[in-house]
Amino acid sequence: MPFPLRSMEQIYSDIAAAGYKSNFSVVPEHTLYYNIDGQRCSKKADLVWIKTRDNVPTGDDLLPYKVVAAFEIEGFDVPLATISLHSEVYQYFHGQFPCYVPIYSLATHRPEYGHNIDLVNQRFNQRHERAAEHHEVVTVCNGMHRDWLLAAGQAAEDLAQNWLGQF
């Protein structure tokens, strides 16, 4: 293997562990709801981090939780249209919480997947550029590294503290 920490399973596990470490609820396939021209739509995120409130007063109509980060884990050859779609959907949540799209380059179910590092880097850069074309509504992250995950954890913690400070 040319580099470590790059499979979908490893990335998923690292995201979950980081969420638990920060005392977030880690929820796979969480449904996010949004409206387009009065029409209710939904999107299932691969994984979300949620901060919950304790001791919610009776009659409180505010949600007892807040999504503080969403993750869409994709392979390095994911169609560019998928990055565009993530960008279009997550624009409805922009400012509420960030969405990260970590790109993996090893598929345990596909033995030859990701062994050409030049191709992996080229495809990653294309997906990163596509997100930039959509004003970085989603953050495409290099799954070979975890610096983005540390930054995501800090941003989620700040978002959670600000949200909890409202109560």
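The values are calculated or read from the model by the stated rules, or taken from the named source; none is laboratory data. The model shown is predicted, which means the values in this text are computed figures rather than measured ones. Cβ: placed from backbone, ideal geometry, glycine included. Neighbour counts: every protein chain shown.
Out of the residues in the stretch 27-52 meeting the condition of being surrounded by fewer than 19 Cβ atoms within 10 Å (Cβ to Cβ) and within 15 Å of Tyr65 (Cα to Cα), tell me which one is modelled with the lowest pLDDT.
Thr52
Tell me which of these Gly95 doesn't satisfy, since it passes every other one: (1) in a loop (DSSP other than H, G, I, E, B); (2) crowded, with 19+ Cβ neighbours inside 10 Å.
Unmet condition: (2).
In the set Arg123, Arg53, Arg110, which member is more than 15 Å from the chain's Cα centre (by Cα) and within 21 Å of Gly165 (Cβ to Cβ)?
Working: Arg123 fails: within 21 Å of Gly165 (Cβ to Cβ); Arg110 fails: within 21 Å of Gly165 (Cβ to Cβ).
None of the others qualify; the one that does is Arg53.
Residue-wise test of (1) buried (at least 19 other Cβ atoms within 10 Å of the Cβ); (2) closer than 18 Å to Ala69 by Cα; (3) not aliphatic (A, V, I, L, M).
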site: His109; (1), (2), (3): no, no, yes
site: Gly114; (1), (2), (3): yes, no, yes
site: Leu119; (1), (2), (3): no, no, no
site: Arg123; (1), (2), (3): yes, no, yes
site: Val140; (1), (2), (3): yes, yes, no
site: Gly143; (1), (2), (3): yes, yes, yes
site: Asp147; (1), (2), (3): no, yes, yes
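Return yes or no: is Ile83 in a strand (DSSP E or B), within 21 Å of the chain's Cα centre (by Cα) and more than 20 Å from Glu157 (Cα to Cα)? Before the answer, list the steps.
Working: in a strand (DSSP E or B): no; within 21 Å of the chain's Cα centre (by Cα): yes; more than 20 Å from Glu157 (Cα to Cα): yes.
Taking the combined requirement at face value, the residue does not satisfy it.
Kindly provide the set of residues from the stretch 103-121 that are within 13 Å of Arg6 (Cβ to Cβ), among the aliphatic types (A, V, I, L, M) and either in a helix (DSSP H, G or I) or without any contact (Cβ under 8 Å) to a residue 12 or more places away in the chain (or both), ordered by number.
Those that are within 13 Å of Arg6 (Cβ to Cβ), among the aliphatic types (A, V, I, L, M) and either in a helix (DSSP H, G or I) or without any contact (Cβ under 8 Å) to a residue 12 or more places away in the chain (or both): Ile117, Val120.
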